[in-house]
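See structure below.
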Amino acid sequence: MICLDTTYFVDLIKNPDAIRDITQKIDEEGGAATTVLNVFEAYIGAFAVKDDKTRKKIKEKLDKAFNRVEILDFKYRDALKASEIGGTLLRSGREVGADAITAAVALNNGYSTVVTRNIKHFELIKEVIKIDIQRY
């Protein structure tokens, strides 16, 4: 099962060709999720758009996309796991920010693969926890 990072939803709006293959796979196989944090990150970008028509169109695309995947909540156990990931990396001077939350939520909910364009952060996270990364 796969967990979609925010980059997937950004590319849904800005570069749909980049996610065409993974979207087709999701449509055929199902079993995709994302986290409530990724929902927040995607929508904050949408609501920041100044043009009303464009903002509405982006929001509608995101609404449709989020209705097709499971939304995983951020819980106390996820905060602990994300803190462990982030803190372990910070000890060696490396930072992954909120991507630690995405990885922790995915892992704690049985999603072993994160689909992202942001390979750099997730490769670092992979040094701390067992998680697969699928670049699109």
- Query: Ser83 fails exactly one of the following numbered conditions: (1) within 14 Å of Asn109 (Cα to Cα); (2) assigned to a helix (DSSP H, G or I); (3) among the hydroxyl-bearing types (Ser, Thr, Tyr). What is the number of that condition?
  - Reply: (1)
- Task: Report, by residue number, each residue of segment 90-106 that is within 13 Å of Phe122 (Cβ to Cβ), assigned to a helix (DSSP H, G or I) and either over 12 Å from the mean Cα position of the chain (by Cα) or of a type in the set (S, T, N, Q) (or both).
- Result: Thr102
- Only residues that are outside any helix (DSSP H, G or I), surrounded by fewer than 19 Cβ atoms within 10 Å (Cβ to Cβ) and either aliphatic (A, V, I, L, M) or on the phi < 0 side of the Ramachandran plot (or both): list them for segment 1-42, please. Met1, Asn15, Ala33
- Message: Looking only at segment 100-127, filter to residues that are aliphatic (A, V, I, L, M) and without any contact (Cβ under 8 Å) to a residue 60 or more places away in the chain; which one of those is farthest from Met1 (Cα to Cα)?
- Response: Leu124
- Message: Condition (residue is surrounded by fewer than 16 Cβ atoms within 10 Å (Cβ to Cβ) and more than 26 Å from Leu124 (Cα to Cα)) applied to segment 70-89: is it met by at least one residue?
- Response: no
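Take Val49 and tell me if it is aliphatic (A, V, I, L, M), assigned to a loop (DSSP other than H, G, I, E, B) and free of Cβ contacts under 8 Å to residues at least 40 places away in the same chain. Show your work before the answer.
Details: aliphatic (A, V, I, L, M): yes; assigned to a loop (DSSP other than H, G, I, E, B): yes; free of Cβ contacts under 8 Å to residues at least 40 places away in the same chain: yes.
Judged against the criteria, Val49 is a match.
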- Looking only at segment 35-61, which residues are over 13 Å from Ile13 (Cβ atoms) and touching a Ser or Thr at 6+ places or on another chain (Cβ under 8 Å)? Thr35, Leu37, Asn38
- Sole exception among (1) under 24 Å from Ala100 (Cα atoms); (2) touching a residue at least 60 places away in the same chain (Cβ under 8 Å); (3) out of contact with any helix residue (DSSP H, G or I) (no Cβ under 8 Å at 6 or more places or on another chain); (4) not aliphatic (A, V, I, L, M) for Asn38, by number: (3)
- Message: Can you pull out every residue in segment 58-75 that is β-branched (Val, Ile, Thr) and either under 11 Å from Thr34 (Cα atoms) or in contact with a Lys or Arg (Cβ under 8 Å, 6 or more places away or on another chain) (or both)?
- Response: Val69, Ile71
- Message: Among the residues that make up segment 47-61, is at least one of them within 22 Å of Phe122 (Cβ to Cβ) and more than 14 Å from the chain's Cα centre (by Cα)?
- Response: no
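Values quoted throughout were computed directly from the atomic coordinates according to the rules given, and no laboratory measurement underlies them. Just so you know, these numbers come straight off a predicted model, no measurement behind them. Here the Cβ is made from the backbone with ideal geometry for all residues, glycine too, and neighbour counts use every protein chain on show.
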